[in-house]
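A short worksheet on the structure shown next.
The values are calculated or read from the model by the stated rules, or taken from the named source; none is laboratory data. Worth saying up front: this structure is predicted, and the values here are computed from it rather than measured. Positions of Cβ are generated from backbone atoms using ideal geometry, with glycine treated the same way; all protein chains shown enter the neighbour counts.
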Amino acid sequence: MDIISSIFKALYEIARLVRTFFTSGVYFIALCTRSRTALAAENLFLRKQLAFYQERKVAPRRFDNVSRFILVLLSRVFAWKGALVNVTPKTFIGWHRQGFRLFWRWKSRPGRPPIPTELRALIRQMARDNIGWGEERIANELLLKLGIQISPRTIRKYMPKRPKGQPRGDQRWSTFVANHAKAIVACDFLTVVTATFKFLYVFVIIEIETRKLIHTNVTDHPTAAWTLQQLREAIPSDHTYRFLIHDRDCIFSADLDKSIRNLGLRVLKSPYRSPLANCFCERVIGTLRRECLDYLIPLGRSHLHRIVKEWACYYNQSRPHMSLGPGIPSPPEYLPARHQSTRHRIAVNQRVSSHPVLSGLHNDYRLEAA
């Protein structure tokens, strides 16, 4: 409502200015047809009346913007210093300066040119459809999948404003770099409560270098034997890994660590109360909760297994990762080439398609033939 009222007020001021300028112009043309003697006599007559009001000390009414503009415009025709009565020369010069400031502000038009309207609408749609995405995530999605290069700060400018009191929901990635990332995998458990208040355990294994989820599974009662079987299914016999990171949970027993060493892996246990030592796995567990499990309530073990499998496929093949530059752990074939990407433009023969993930909790954007 404030914007609408300001627009109407500006239109009203412009209408008054045009009307006053027109009437003053007609009056000025009529004065030009009169003789110089008559104009001088009328000027003296008006000055005498103004002197009478000055003697009585009658305060004049304050000038509005339209009157200031007309007086400044008329001052370009004659020597105005001797004709000032109601205001001081300093005030009149200030009117000049305000006019020049408004003129140069309109002429310079500071700031970058706006991006296309359809791209602004796409940014707002992506922000509304994916409540956990921030400007960095949307920028990576546009660059990797749609071939549009745009700054995250520009995206933040056009994103819908978050109401006060609500959580941010944006994503933050750790900048920790492992010396042997190519040879390290990490694993951990997370607990999930079903709709019937039953506790289930999700086991995840992540590859540190590519951030790829190489295995996920769900169980009611995690044991050392079950955990060893999951590691055997996830790690092939011809693997190139050297280390496995896990915490000091009682599930990871001494016999389990011995069996892991038989798989050709050296066990690296994280210190007590130090989750940052296994930060990559903790991070993927936090991402799984924030982007999936915080919005879905599983009904049982099979339902939770389907949810985790679908999210893991989206995580590996569609979701951009900041730690990869940005990149995708297992990029699909339909991604546009980096050198073919253009700024703020989509090719004429292509269009943007949206594929829902987890019943619309996330959306996978792709370029398709128009």
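What to note about this one:
- Of the residues in the range 192-204, at least one is closer than 22 Å to TYR315 by Cβ and touching a Cys at 6+ places or on another chain (Cβ under 8 Å).
- Just so you know, in the range 258-278 the residues that are under 24 Å from ASP238 (Cα atoms) and either crowded, with 17+ Cβ neighbours inside 10 Å or small (Gly, Ala, Ser) (or both) include one that is nearest to the chain's Cα centre (by Cα), and it is LEU265.
- Single residue of LEU228, LEU276 found to be in contact with a helix residue (DSSP H, G or I) (Cβ under 6 Å, 6 or more places away or on another chain) and among the aliphatic types (A, V, I, L, M): LEU228
- Residues that are part of a loop (DSSP other than H, G, I, E, B) and modelled with pLDDT under 90 do occur in the range 273-296, at least one of them.
- Subset of the range 200-222 (residues that are farther than 26 Å from ALA183 by Cα, part of a strand (DSSP E or B) and either modelled with pLDDT under 95 or of a type in the set (Val, Ile, Thr) (or both)): THR219
- For the range 75-97, a residue qualifies if it is modelled with pLDDT of 70 or more, part of a helix (DSSP H, G or I) and exposed (fewer than 14 other Cβ atoms within 10 Å of the Cβ), and the qualifying residues are PRO89, LYS90, THR91, ILE93, GLY94, HIS96, ARG97.
- Positions within the range 228-242 being of a type in the set (Val, Ile, Thr) and surrounded by 12 or more Cβ atoms within 10 Å (Cβ to Cβ), in sequence order: ILE235
- Residues that are in a helix (DSSP H, G or I) and more than 16 Å from SER318 (Cα to Cα), drawn from the range 130-164: GLU135, PRO152, ARG153, THR154, ILE155, ARG156, LYS157, TYR158
- Residues being more than 13 Å from ALA186 (Cβ to Cβ), among the hydrophobic types (A, V, I, L, M, F, W, C) and surrounded by 15 or more Cβ atoms within 10 Å (Cβ to Cβ) - total across the range 279-310: 7
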